[in-house]
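S.K.: First, the structure itself, so that you have it in front of you.
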């Protein structure tokens, strides 16, 4: 980019007025713990054709954007082009990650996560911002929700998670991945499979490692085991597979309900969209909260008997027509598909 363009862009970005950065100006961390103090390690290297690769490793902290800016400016002043960004970071300060993502997208740079490297949390937005994206089989690329400066979930951090989802959508991240980001607490991590990475336009490099892990086991895995999710294939006009899964501990129902109620309230003028219906003939009542996950209609519902005992806790997503839904039983982790008839009644159906 020209020096004048560079100065103008970064003048806006550092003032918090860039398209992505404005959403998070003055905001929070996206990490498992509080925002760290050490800065990321930024190194520049040159290829034979004179193109520059910048390697960003370590925790993302305030000031890293300025360091990145200086490297790019130095390369531009020397008549060289920064073509590629190599990433190896577990995340850190969310605002700084958004600023760096903005710069990567503006500069039309490619992003790359190598074998045995990690790019998670705030780093994921930087990776998604690449004009072209590359990942080596064996790389770990992870997502989760935002936390506050103390590593906790708060109303502000939940709002930041929603904004982070909007940024991810703007960067072309598929709805299924965004949905998992929204429902995964900052203390957990969802590691994306090669298939999921390919769904967001990532070119996989090297040879795939052979794994026998069934992704359906990932919600209850013990700490230390590696979880890699394999997305279920869905046919056109079917509900998206947005089943929340994490790599260490299963997200509690109570935490998930809190997230959904907060999200629904934000989407409906401050009041969550909820409903209740009873079926006296079979002596049950159903309470539900409706919301959208990146434009996809979704619902959580609790079925109780006449004595108010909980029979089922479910999470459902709907197809675009609203007449087919895919539901997850929270306790058994089993899924089922329902269809709505002309009278508005829902019936469980078997897949082909």
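The values are calculated or read from the model by the stated rules, or taken from the named source; none is laboratory data. Just so we're clear, the structure is a prediction, and the values are computed from it rather than from any experiment. For neighbour counting, all protein chains shown are included, and Cβ atoms are generated from backbone atoms with ideal geometry for every residue, glycine included.
Table: residues versus (1) modelled with pLDDT of 85 or more; (2) under 23 Å from residue 255 (Cβ atoms).
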| site | (1), (2) |
| --- | --- |
| 288 | yes, yes |
| 303 | yes, yes |
| 306 | yes, no |
| 333 | no, yes |
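S.K.: Do we have any residue at all in the range 197-207 that's at pLDDT below 80 and out of contact with any helix residue (DSSP H, G or I) (no Cβ under 8 Å at 6 or more places or on another chain)?
M.R.: First, pick out the residues of the range 197-207 that are at pLDDT below 80: 207.
Next, only the ones that are out of contact with any helix residue (DSSP H, G or I) (no Cβ under 8 Å at 6 or more places or on another chain) stay: 207.
Taking every residue of the range 197-207 in turn, at least one turns out to be at pLDDT below 80 and out of contact with any helix residue (DSSP H, G or I) (no Cβ under 8 Å at 6 or more places or on another chain).
S.K.: Hey, another quick one. It is to be established whether one or more residues within the range 40-54 are crowded, with 24+ Cβ neighbours inside 10 Å and not in a strand (DSSP E or B). It would help to see each step written out before you state the result.
M.R.: Going through the range 40-54, the residues crowded, with 24+ Cβ neighbours inside 10 Å turn out to be 40.
Next, only the ones that are not in a strand (DSSP E or B) stay: 40.
Yes, the range 40-54 contains a residue that is crowded, with 24+ Cβ neighbours inside 10 Å and not in a strand (DSSP E or B).
S.K.: Now for a different question. Tell me, which strands (runs of 3 or more DSSP E) wholly within the range 251-352 include 3 or more residues that are under 20 Å from residue 176 (Cα atoms) and touching a residue at least 60 places away in the same chain (Cβ under 8 Å)?
M.R.: Working: elements: 273-279, 284-293, 296-305, 310-318, 324-329, 335-340, 346-349.
Those strands (runs of 3 or more DSSP E) span 310-318, 324-329.
S.K.: Just give me the residues in the range 174-190 being without any contact (Cβ under 8 Å) to a residue 40 or more places away in the chain and over 8 Å from the mean Cα position of the chain (by Cα), in sequence order.
M.R.: Across the range 174-190, the qualifying residue is only 174.
S.K.: Check off (1) at pLDDT 85 or above; (2) closer than 18 Å to residue 142 by Cβ for residue 250 and give me the number that stays unchecked.
M.R.: Exception for residue 250: condition (1).
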